[in-house]
Amino acid sequence: MPDFQIKTQTLQNNIVMIKVKGFLDAHTYEELEKTISEFFERNLYKFVVDLSELGYISSAGAGVFIGAIGTAQENNGNIVILNPSNNVKEVLELLGLTQIFTISQELESAIKTFQQ
């Protein structure tokens with residue numbers, strides 16, 4: 001199993017970039033949930049989540065985003081999924097999440113989502 005990693009950085013206009021690597025599943029989702037909650041506590045609600053290096057996402061992993069998007073949107077934020085791998089995109093489509101989340105292939109267009 002690939003090492004699970006979360007890297008974060010704050011971009012312009014208080015947009016938080018979260019890069020998730022490895023497998024996001026029942027064993028790792030709590031770590032991502034905690035990371036997002038910590039940003040909420042700092043009143044940061046705009047997220048670009050880079051899934052380009054995520055090899056697998058389970059429904060538990062996807063649940064983190066489902067649970068967080070409501071809080072983000074209630075606070076004039078959002079969650080944009082950046083460049084998901086084919087495997088991950090397939091799962092997001094199967095779960096119907098491509099109807100809820102903005103999926104972007106480039107960071108620039110992901111950031112522009114917040115300027116609308």
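Data table
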{"quantity": "Candidate set from segment 23-54 (those that are over 18 Å from V80 (Cα atoms) and in contact with a Ser or Thr (Cβ under 7 Å, 6 or more places away or on another chain)); member that is surrounded by the fewest Cβ atoms within 10 Å (Cβ to Cβ)", "calculated": "A26"}
{"quantity": "Number of the exception - D50 against (1) modelled with pLDDT under 95; (2) under 16 Å from T113 (Cα atoms); (3) of a type in the set (D, E, K, R)", "calculated": "(1)"}
{"quantity": "Out of N75, N83, sole residue that is loosely packed, with under 15 Cβ neighbours inside 10 Å and either at positive phi or polar (S, T, N, Q) (or both)", "calculated": "N75"}
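This table checks each residue for (1) over 19 Å from K89 (Cβ atoms); (2) out of contact with any strand residue (DSSP E or B) (no Cβ under 8 Å at 6 or more places or on another chain); (3) modelled with pLDDT under 95.
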| position | (1), (2), (3) |
| --- | --- |
| K21 | no, no, no |
| I36 | yes, no, no |
| N43 | yes, yes, no |
| F65 | no, no, no |
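The values are calculated or read from the model by the stated rules, or taken from the named source; none is laboratory data. Everything quoted here is computed from the prediction, not taken from an experiment. Every residue, glycine among them, receives a Cβ derived from its backbone with ideal geometry; neighbour counts consider all protein chains shown.
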